[in-house]
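Notes follow once the structure below has been shown.
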Amino acid sequence: MKTLKGAATPLIAIIIAFTVGGLLMFIQGANPLTAYQSLFYNAFTTSDGIAKSLGKATPLMISGLAVTVGIRAGLFNIGAQGQLIAGALASAWAGYRFTDLPFIIHLPLALLIGILFGSLVGAIAGLLKAYRGVHEVITTIMLNSIVLQLAEYLSNGPLKEEGSIIARTPAIEESAVIPDLFGLPLGFFLGIALAAIVWWIFKNTTTGFSFETVGRNKSAAWYSGISVKKITVAAMLVSGGLAGLGGAIESLGVIGRFEPAFNAGLGFDGITIALLARANPLGVIPGAILFGGMRGAGPNMQFDAGVSPDIVDLILALVLFFVTAPLIARWFKLRNTEQRSVTSGWGN
Amino acid sequence: MRKLTSKSSLLTYIVIIIIAFFYSRDSLVTTSVAGSALLFGLPLAMAAMVGILSERTGVVNIGIEGTLLFSAFLGFFIGALSKNLIFGILGALIGGMMMTLLLALLAVNWKMDQIIAGTIINILAAGLTSFFYKQGYALPSILPRWEVPFLSKIPFIGPVFFTHGPLTYIGLILIIALWVGLFHTVWGLRSRAVGEHPSSADSAGVSVVRLRYINLAIAGAFGGLTGAYLTLELVGSFDRGFSAGKGFTALALMIFGRWNPIGALGAAIFFGTAQAVANQLMITGVVNIPQPFINMLPYILTIVVLAISAGKVRPPAAAGAPYEKEKS
């Protein structure tokens, strides 16, 4: 019952956002019903569509998880985007650079390298926050731009596919491709497992408790002997690593190489999904599936109804707006309106 | 304040000596580098004013990026559709104010987490501007340059400062006006009081909510001016993601400049100079730095500067906290 109530706000928010999105389509002269029908038919009813939706949902789910871990520890990781790109590029490099490795070694290795590079980018922000007091929102925003530029340089320079006109790395080896399981992308199941693990850690372990305590009250954490600095760095390592893994799965499971244009915005979607789930690790699963489906079927909708796929971004923005603004609770007189404070100004 | 003045006057002398040295070596190149430093730096400085004004009155504003994007969007399309640049500027101003007033609604009235509120502004602006974006529109022209009589004839200073479009002059003047306003008027004193200690300001009879609204509206006008400058004066076109991270850089410049308009202007010119020098080195082929590395320079500098200066900069005390009127 409690979970049901917790889900009420996001559900109502999604309905309102879709309604407003429909109105905007109508103003543009398109038929919103045709558009939504095409969107949902192509995303969730055909077997190809479902596979595609879940494939698109996976990196969103994992980057949502990355942001969630940060929020739980009192850090607003806007840098999931940069960490994700670092992971995507590094794992793609590992995917094509190592040849003649058996699948059982190559794929885990490539994933691990993705995680490592994501963590690395996250750690910079974590260390600066813990030891120099630089706000993570600023550093992660800056790191996003730095990583993006670096990735653009590398994929258009040293790591560029020979003879290619556009900036992209060579295709990854067969042995680094994430396989399908029963026709569905394996990464998706990995994402669900990760969400469950993160949820379990926060519910049952001291580590999770320390993260949570630092997130809720730093001085209380300090008095109870938790090292706030260590936890801050650790949280950014985990958050960055998860985002990096999201990028790795995108490279190894969805695109098959690194191409800068394909990763645009995934990390920012992670923020929306984490806030939509109210920083509940299990809550990111349905949110990611919904938006993965919309992202995947966007082009179909454009073909069937003449609506630009950009509407998906707009609907995402509206969902975030209605979930976080205290409107719905007021309109529908919901009791369960506890908003987790995600950030704490610039000060600490 | 006095301490800052002595430091900055020392800095000014150093800058003048450096410029004089390069000017004596090559006057043409020095003038053009200084000119482009101003061109790169000014929009960032104007955008930083959005943050300074918001945060000085106690509202953290990470929505500068969205404010710039939306105002440039509205400015460009209103200018293109009406074939009138004045309407374009007005549109940009309204667009900027719409975004900051939305922030005021979220952060001041609804007391939302201000970082999330800013994130919403950014995501919403990106969504709106890409959904309603249409190709194939063009402005009738860009804002004309206006060489200030006499002043533009002064060597070095003339071409650098007095041969620009109207919004450059307006921007520079307004930045200085904001500094005067914040530190030398009653309005500024009240605003800063609301940003530092709202309950004291409240007991002294200042309406915290009203002043936050007014100042966010002015901040939005600064954002609109920046958007208008970028699209109507500097570039002359609009594209998806037009603001390209300038709002975030501005945020860093605000901190770099210690929430002080002149400080942020100085920081922005410093950034602009770094970029202009890098570009100049590329053109002359002295060094061959790939463009991405030049692009990331300001961001790296920001992190380095913040890491060094951290602990010494202090944000307005009440920035980030919604104001709850004490019940008595």
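Please verify whether B:Lys246 is crowded, with 18+ Cβ neighbours inside 10 Å, of a type in the set (Lys, Arg) and more than 10 Å from every other protein chain (Cβ to nearest Cβ), treating the condition exactly as stated. For B:Lys246, the condition - crowded, with 18+ Cβ neighbours inside 10 Å, of a type in the set (Lys, Arg) and more than 10 Å from every other protein chain (Cβ to nearest Cβ) - is met. Scanning the range A:163-176 for residues being out of contact with any Lys or Arg (no Cβ under 8 Å at 6 or more places or on another chain) and surrounded by 18 or more Cβ atoms within 10 Å (Cβ to Cβ) gives a total of 3. In the range A:76-93, the residues that are crowded, with 24+ Cβ neighbours inside 10 Å reach residues that are part of a loop (DSSP other than H, G, I, E, B) with C-beta atoms within less than 7 angstrom, at least six apart or across chains, in these pairs: A:Ala88/A:Phe258; A:Leu89/A:Phe258; A:Ala92/A:Thr169; A:Ala92/A:Ile172; A:Ala92/A:Arg257; A:Ala92/A:Phe258; A:Trp93/A:Leu159; A:Trp93/A:Thr169.
The C-beta contact set for the range A:310-321 (first residue farther than 18 Å from A:Pro286 by Cα, second residue outside any helix (DSSP H, G or I) and at pLDDT 85 or above, distance under 8 angstrom, 6+ apart or interchain) comprises A:Asp310/B:Tyr133. A:Ile78 satisfies every condition listed in (1) within 14 Å of another protein chain (Cβ to nearest Cβ); (2) farther than 15 Å from A:Ser251 by Cβ; (3) part of a helix (DSSP H, G or I) except (3). Flag not set for A:Ile201, criterion: under 24 Å from A:Val121 (Cβ atoms), more than 14 Å from every other protein chain (Cβ to nearest Cβ) and in contact (Cβ under 8 Å) with a residue 60 or more places away in the chain. Are there any pairs with C-beta distances below 7 angstrom linking a residue in the range B:111-133 that is more than 8 Å from chain A (Cβ to nearest Cβ) and touching a residue at least 60 places away in the same chain (Cβ under 8 Å) to a residue that is of a type in the set (A, V, I, L, M) and part of a helix (DSSP H, G or I), with the two at least 6 apart or on different chains, and if so which? These pairs meet every condition: B:Ala125/B:Leu69; B:Ala125/B:Met99; B:Thr129/B:Leu69.
Scoring B:Ile269 on the criteria (1) assigned to a helix (DSSP H, G or I); (2) surrounded by fewer than 18 Cβ atoms within 10 Å (Cβ to Cβ); (3) of a type in the set (A, V, I, L, M, F, W, C) leaves a single failure, condition (2).
Scanning the range B:216-234 turns up no residue that is over 24 Å from B:Val305 (Cβ atoms), within 13 Å of chain A (Cβ to nearest Cβ) and not small (Gly, Ala, Ser).
Residue-wise test of (1) under 22 Å from the mean Cα position of the chain (by Cα); (2) among the charged types (D, E, K, R); (3) farther than 23 Å from B:Ala177 by Cα.
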position: B:Gly51; (1), (2), (3): yes, no, no
position: B:Leu81; (1), (2), (3): no, no, yes
position: B:Ile89; (1), (2), (3): yes, no, no
position: B:Leu101; (1), (2), (3): yes, no, no
position: B:Thr119; (1), (2), (3): yes, no, yes
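The sole residue among B:Gly96, B:Gly41 that is within 30 Å of B:Ile283 (Cβ to Cβ), more than 14 Å from every other protein chain (Cβ to nearest Cβ) and within 14 Å of the chain's Cα centre (by Cα) is B:Gly41. Taking the range A:127-151 as the range and being at the interface with chain B (Cβ under 7 Å from one of its Cβ atoms) and within 24 Å of B:Arg314 (Cα to Cα) as the test, the residues that pass are A:Leu128, A:Arg132, A:Gly133, A:Val134, A:Val137, A:Ile138, A:Thr139, A:Ile141, A:Met142. Taking the conditions (1) part of a helix (DSSP H, G or I); (2) more than 21 Å from the chain's Cα centre (by Cα) in turn, B:Leu182 satisfies each one other than (2).
Yes or no, residue by residue, for (1) at pLDDT below 95; (2) crowded, with 19+ Cβ neighbours inside 10 Å:
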residue: B:Val180; (1), (2): no, no
residue: B:Leu189; (1), (2): yes, no
residue: B:Val194; (1), (2): yes, yes
residue: B:Ala204; (1), (2): yes, no
residue: B:Leu216; (1), (2): no, yes
residue: B:Gly220; (1), (2): no, yes
residue: B:Gly223; (1), (2): no, yes
residue: B:Thr231; (1), (2): yes, yes
residue: B:Phe238; (1), (2): yes, yes
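Selection of the range B:98-141 for residues being surrounded by 19 or more Cβ atoms within 10 Å (Cβ to Cβ) and aromatic (Phe, Trp, Tyr) yields only B:Phe131. Annotation note: Cβ proximity below 8 Å between a residue of the range B:202-227 that is assigned to a loop (DSSP other than H, G, I, E, B) and a residue that is not basic (Lys, Arg) (sequence gap 6+ or interchain) occurs for B:Ala204/B:Ala193; B:Val206/B:Ala193; B:Val206/B:Val194. One residue stands out in the range A:280-337 among those that are closer than 30 Å to B:Ala107 by Cα and of a type in the set (S, T, N, Q): the one that is nearest to the other protein chains (Cβ to nearest Cβ), namely A:Thr324. Of all the criteria given as (1) part of a helix (DSSP H, G or I); (2) closer than 22 Å to A:Val137 by Cα; (3) not basic (Lys, Arg), the one not satisfied by B:Leu90 is (2). For the range A:135-143, the count of residues that are surrounded by fewer than 24 Cβ atoms within 10 Å (Cβ to Cβ) and modelled with pLDDT of 85 or more is zero. Going residue by residue through the range A:160-170, is there one that turns out to be in a helix (DSSP H, G or I), under 14 Å from A:Gly247 (Cβ atoms) and touching a residue at least 12 places away in the same chain (Cβ under 8 Å)? No, there is no match, as no residue in the range A:160-170 is in a helix (DSSP H, G or I), under 14 Å from A:Gly247 (Cβ atoms) and touching a residue at least 12 places away in the same chain (Cβ under 8 Å).
Residue-by-condition table, conditions (1) in a loop (DSSP other than H, G, I, E, B); (2) modelled with pLDDT of 80 or more; (3) among the hydrophobic types (A, V, I, L, M, F, W, C); (4) farther than 23 Å from B:Gly263 by Cβ:
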residue	(1), (2), (3), (4)
B:Val287	yes, no, yes, yes
B:Ile294	no, no, yes, yes
B:Pro298	no, no, no, no
B:Ile308	no, yes, yes, no
B:Gly311	yes, no, no, no
B:Arg314	yes, no, no, no
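Within the range B:275-298, can you find the residues that are of a type in the set (S, T, N, Q) and at the interface with chain A (Cβ under 9 Å from one of its Cβ atoms)? Passing the criteria: B:Gln291, B:Asn295. Taken as a whole, the range B:23-34 holds at least one residue that is part of a loop (DSSP other than H, G, I, E, B), surrounded by fewer than 19 Cβ atoms within 10 Å (Cβ to Cβ) and away from chain A (no Cβ under 14 Å). For the range A:39-52, indicate whether the set of residues that are in a helix (DSSP H, G or I) and within 14 Å of another protein chain (Cβ to nearest Cβ) is non-empty. There is no residue in the range A:39-52 that is in a helix (DSSP H, G or I) and within 14 Å of another protein chain (Cβ to nearest Cβ). Against the criterion of being closer than 23 Å to B:Gly266 by Cβ, of a type in the set (Val, Ile, Thr) and touching a Ser or Thr at 6+ places or on another chain (Cβ under 8 Å), B:Thr67 qualifies.
The values are calculated or read from the model by the stated rules, or taken from the named source; none is laboratory data. Quick caveat: nothing in here was measured; it's all calculated off a predicted structure. Neighbour counts are summed over all protein chains in view; Cβ atoms, including those assigned to glycine, are modelled from backbone coordinates with ideal geometry.
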